[in-house]
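K.L.:
I have a structure I would like to understand better, so I am pasting it below and will then ask my questions one at a time.
The values are calculated or read from the model by the stated rules, or taken from the named source; none is laboratory data. Since we're looking at a predicted model, the values are computed, not measured. Note that we place each Cβ from the backbone using ideal geometry, even for glycine, and neighbour counts take in every protein chain shown.
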Amino acid sequence: MTGTVRPSTADDFDAALKGSPGGDTPLSRLRLIRWSDFSLVPVILVLMLIGFIVSPVFLTSDNLISVVQQSSELSLLVLGQALILICGRMDLSLESTIGIAPVVAMWLVLPPDGGRFAGLGLLPGWSAIPLCLLAGLAVGAVNGFLMLKLRVNGFIATLGMLTMLRGLHIGITEGKSITDVPESFRYLGKSEWFGVPAAVWICLVLFAVGGAALAWLRHGRALYAIGGNPEAARAAGIRVDRVTWTVLAIGGLLAAFAGILYTGHYGAVAATQGDGWIFQVFAAAVIGGISLKGGRGTLFGALTGVLTLQLVVNVMTLGGVPALWNQFLNGAIIIVALVISRFASGEKQD
Amino acid sequence: MDAQAPPPAVQAEGVVKRFGPTVALDGVKLTVRPGESHALVGRNGAGKSTLVGVLTGLHRADAGTVTFGGEPAPAFGDTAAWQSKVACVYQKSMVVPDLTVAENLFLNRFDENARRISWGKLRRRAEQLLAAYGVQVDPNTRARDLAVEQRQFVEIARALSFGARLIVLDEPTAQLDARGIARLFEKLRELQSRGVAFLFISHHLQEVYELCTAVTVYRDARHVLTAPVDEVAKEDLVAAMTGEKAAGATAWHAAGGTAPDPSAEPVLSTERLSLAGRFEPLDLQVRPGEVLGLAGAAASGNTAVGEVLAGMRKAGGGTVRVRGRAVRAGSVPDALAAGIGYIPEDRHDQGLVPERSVAENATLTVADQLGPWGTVLPSRTREFARGMIASLDIKTQGPEQPVSGLSGGNQQKVVVARALARDPSVLVAVRPTAGVDVKSKDSLLGVVRRVADAGNAAVVVSDELDDLRVCDRVLALFHGRVVAAFDSGWTDGELVAAMEGVGERE
């Protein structure tokens with residue numbers, strides 16, 4: 001890293017630096033900001049207004065905190081998926097990773113007797129979190145191996161991984177919930193910092209870190225180049241496969257971390273933990289302006305996508321929609337949200 | 001028209017075709033008589049493929065008339081009617097590879113009267129059809145297992161079974177070896193004797209003389225010449241294709257006489273560099289201040305050389321050295337580190353990330369120099385991009401504008417900016433002026449010249465004569481071999497002749 005930049009036409013370049021070329025003032029930069037990334041902000045405001053009209057409970061801090069608390073695990077999956085989608089891939093297995101990673105960690109940590117779930121007791125209790133994260137990393141890395149080394153179809157490979165890991169989860173737990181959650185999990189899932197659940201803070205920090213990496217790190221920026229045109233990225237010297245592999249591994253890691261928060265919050269791992277989430281993950285990402293073809297979208301947009309979905313569900317619950325109709329409405333909401341965001345941003349979704 | 005002479009198989013008069021502001025065909029004419037093999041030649045962009053599109057009903061002509069056998073051409077969009085008049089055998093296969101020959105022959109017209117497909121009957125009909133034209137292919141073979149010329153025979157037989165009496169052959173020999181070509185020509189002559197007319201499009205003038213009876217030359221969307229083949233000498237044909245351009249020397253033209261010092265250490269050298277099926281072992285030496293041209297048509301292997309130098313492809317053998325430093329084969333990052341800047345052939349394929357900004361595209365190769373600890377500082381990126389925008393005169397609203405909003409010439413300048421960003425010792429430019437206007441062309445080639453004048457080396461890979469004018473030395477490639485070498489004093493004719501492989505198979 002030289003820290004200096006010298007194009008070959010250095011004379012013209014230096015000359016150009018001294019004079020300030022017109023048309024590049026901060027104001028003109030403002031014109032080129034993609035407003036579509038913010039298109040969901042008014043939608044969220046409208047939803048809050050509707051929520052306020054529907055129920056006076058809506059605007060209480062308890063309710064709003066519970067909305068963001070419930071968004072936190074989903075949003076971590078969306079964060080992982082958003083990064084993967086930006087570099088032009090997809091990983092369906094995230095929804096199984098959120099369940100299997102904590103299960104594997106607990107299986108290795110919990111004692112073989114004493115609790116309702118017989119673990120192996122191979123490793124000490126403090127290693128539960130590192131083990132869980134490692135398991136997620138491993139799933140992502142295997143996905144990367146399948147897609148990038150063996151060059152198999154990523155959609156089907158991760159679909160297979162989704163099913164396989166769900167089966168492994170049920171096999172290990174014998175289909176039962178595990179309630180002997182390690183203390184470290186419980187702490188992250190349950191404790192509050194400054195009156196707001198720790199999980200929410202952690203999510204915000206991770207989104208901020210992710211957003212900063214995409215904006216200001218060269219490997220972060222490389223994701224857009226890879227997703228936008230992998231051949232051009234390769235011609236520019238970006239190690240396309242290596243970066244993609246790293247992103248897939250990070251996706252698994254984030255899913256595992258979401259698993260820790262979720263398990264800690266509810267104090268148990270159900271056999272169905274994460275089941276069916278992947279649909280919401282994709283929906284939130286696309287509603288938030290991430291292109292399924294890669295190369296386009298921001299993490300801020302993805303976050304607004306998650307919040308929009310969760311707010312609609314919350315408003316409906318407060319409105320007293322019968323539970324039996326939830327599934328129907330869930331699907332309908334996603335389609336409506338998709339249509340709204342399509343026209344709010346004015347961009348084709350693909 | 002007197003009663004004896006049959007009407008021409010096809011006659012086109014005053015055909016005009018525009019694509020937006022570009023005139024692809026400017027009042028051209030063409031006449032092919034029954035039983036004639038008519039060659040249509042011209043340089044890239046002369047309008048050959050557009051004419052084929054008009055003749056086969058793919059494009060609607062803006063003006064002019066087309067008649068087949070004296071009758072006016074079918075209405076635009078009436079595919080069945082066009083099929084009964086004319087068919088084109090493209091370079092790209094138009095058969096379904098996983099279906100059998102019989103199915104391909106009768107695709108979507110298995111049997112109008114029967115409800116279900118009778119496979120036995122289909123096979124027999126296919127056998128009859130193939131036998132009628134003397135094509136020895138088993139109708140049960142899958143199309144993908146056929147040799148290239150067999151596949152072409154099947155396509156010709158299919159076209160003839162529709163009733164077409166004019167077959168357009170678009171570069172039919174590009175993927176054939178010498179024996180395949182011989183078999184193809186034999187079959188074509190046989191069909192010709194039965195009254196089938198061929199329009200033969202080829203870059204290989206030698207083949208035109210072997211097969212065809214008449215030749216038509218287009219240049220820059222205009223008709224230049226039509227004559228019997230035996231009445232045109234090869235030199236005249238080449239002259240007609242290139243035109244007698246009174247090319248005034250511009251600033252970036254290679255200055256003849258000031259040959260680079262042969263004793264100087266070469267900046268770029270290759271030793272036995274090869275890639276199986278693309279080009280044969282190649283020893284190159286490019287000295288400081290020198291621009292080397294690698295001329296060659298589409299299948300000559302010259303683009304592959306460029307891609308190997310840039311690390312986009314892994315060489316089959318041999319080494320590349322930049323100022324004595326060996327470059328790891330097939331590694332773009334190592335090529336960049338060694339000082340090789342790369343302007344890829346197609347800016348849409350390998351050059352640009354269309355949705356990202358000018359600044360981002362221009363700094364893709366220098367992302368490691370724009371801030372400490374792997375960061376990319378937006379201020380430095382903008383600053384760098386502004387320098388590039390000014391020095392290359394890129395017309396843009398600002399560094400933040402998505403590169404897809406720029407004109408072709410300015411997009412290409414962004415690609416060049418990316419290649420120059422690392423201050424390369426060697427600039428490898430593949431068709432650097434493809435699809436850009438004259439003014440951008442001047443400034444792009446000027447950049448290539450400046451890079452060399454600063455004591456570096458440049459390699460220009462192209463089949464465009466204007467691109468090659470910047471070179472101090474030009475090597476012409478044909479079928480992966482260097483067939484000729486020129487100093488800067490070459491004439492258009494001799495270089496085109498070398499690229500087209502004239503004299504190759506004599």
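K.L.:
Answer with yes or no whether B:Pro354 is touching a residue at least 24 places away in the same chain (Cβ under 8 Å), under 30 Å from the mean Cα position of the chain (by Cα) and surrounded by fewer than 22 Cβ atoms within 10 Å (Cβ to Cβ).
P.N.:
Answer is yes for this residue.
K.L.:
Suppose we filter segment B:146-203 for residues that are part of a loop (DSSP other than H, G, I, E, B) and of a type in the set (Phe, Trp, Tyr); how many remain?
P.N.:
The qualifying residues number 1.
K.L.:
Do any helices (runs of 4 or more DSSP H) entirely within segment B:299-412 hold 2 or more residues that are over 24 Å from B:Phe279 (Cα atoms) and either hydroxyl-bearing (Ser, Thr, Tyr) or more than 8 Å from every other protein chain (Cβ to nearest Cβ) (or both), and if so, which?
P.N.:
The qualifying helices (runs of 4 or more DSSP H) are B:358-362, B:378-391.
K.L.:
With the structure loaded, tell me whether A:Arg296 is surrounded by 19 or more Cβ atoms within 10 Å (Cβ to Cβ), out of contact with any Cys (no Cβ under 6 Å at 6 or more places or on another chain), part of a helix (DSSP H, G or I) and within 14 Å of another protein chain (Cβ to nearest Cβ) or whether it fails that test.
P.N.:
In short, no.
This table checks each residue for (1) over 23 Å from B:Ser269 (Cβ atoms); (2) surrounded by fewer than 24 Cβ atoms within 10 Å (Cβ to Cβ); (3) without any contact (Cβ under 8 Å) to a residue 40 or more places away in the chain.
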{"position": "B:Val426", "(1), (2), (3)": "no, no, no"}
{"position": "B:Arg431", "(1), (2), (3)": "yes, yes, no"}
{"position": "B:Val447", "(1), (2), (3)": "yes, no, no"}
{"position": "B:Ala457", "(1), (2), (3)": "no, no, no"}
{"position": "B:Cys471", "(1), (2), (3)": "no, no, no"}
{"position": "B:Ala476", "(1), (2), (3)": "no, no, no"}
{"position": "B:Val483", "(1), (2), (3)": "no, yes, yes"}
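K.L.:
Would you tally the residues in segment B:341-354 being touching a Pro at 6+ places or on another chain (Cβ under 6 Å) and under 20 Å from B:Phe384 (Cβ atoms)?
P.N.:
3
K.L.:
Say we look at segment A:137-172 and pick out the residues that are among the β-branched types (Val, Ile, Thr) and more than 19 Å from A:Leu292 (Cα to Cα); which of these is surrounded by the fewest Cβ atoms within 10 Å (Cβ to Cβ)?
P.N.:
Once the filter is applied, the top-ranked residue is A:Thr163.
K.L.:
Output yes when any residue across segment B:95-102 is closer than 22 Å to B:Asp170 by Cα and either in contact with a His (Cβ under 8 Å, 6 or more places away or on another chain) or modelled with pLDDT of 85 or more (or both), and no when none is.
P.N.:
yes
K.L.:
Then there is this: Does A:Ile84 satisfy the condition of being in contact (Cβ under 8 Å) with a residue 24 or more places away in the chain and surrounded by fewer than 24 Cβ atoms within 10 Å (Cβ to Cβ)?
P.N.:
So A:Ile84 does not fit the description; no.
K.L.:
Here is a further query. Would a scan of segment B:204-215 turn up a residue that is assigned by TED's automatic domain parsing to the domain that holds B:Thr79, in a strand (DSSP E or B), modelled with pLDDT of 85 or more and surrounded by fewer than 22 Cβ atoms within 10 Å (Cβ to Cβ)?
P.N.:
yes
K.L.:
Here is a check on your reading of the model: is B:Val451 at the interface with another protein chain (Cβ under 8 Å from one of its Cβ atoms) and either closer than 22 Å to A:Gly228 by Cβ or out of contact with any helix residue (DSSP H, G or I) (no Cβ under 6 Å at 6 or more places or on another chain) (or both)?
P.N.:
Criteria met by B:Val451.
K.L.:
So, one more: Within segment B:264-294, which residues are of a type in the set (Gly, Ala, Ser), in a strand (DSSP E or B) and over 15 Å from B:Val428 (Cβ atoms)?
P.N.:
Across segment B:264-294, the qualifying residue is only B:Ser274.
K.L.:
I've got another one for you. Hey, can you tell me all the residues within segment B:417-428 that are facing chain A (nearest Cβ under 10 Å) and not in a loop (DSSP other than H, G, I, E, B)?
P.N.:
Correct list: B:Ala417, B:Arg418, B:Ala419, B:Leu420, B:Leu427.
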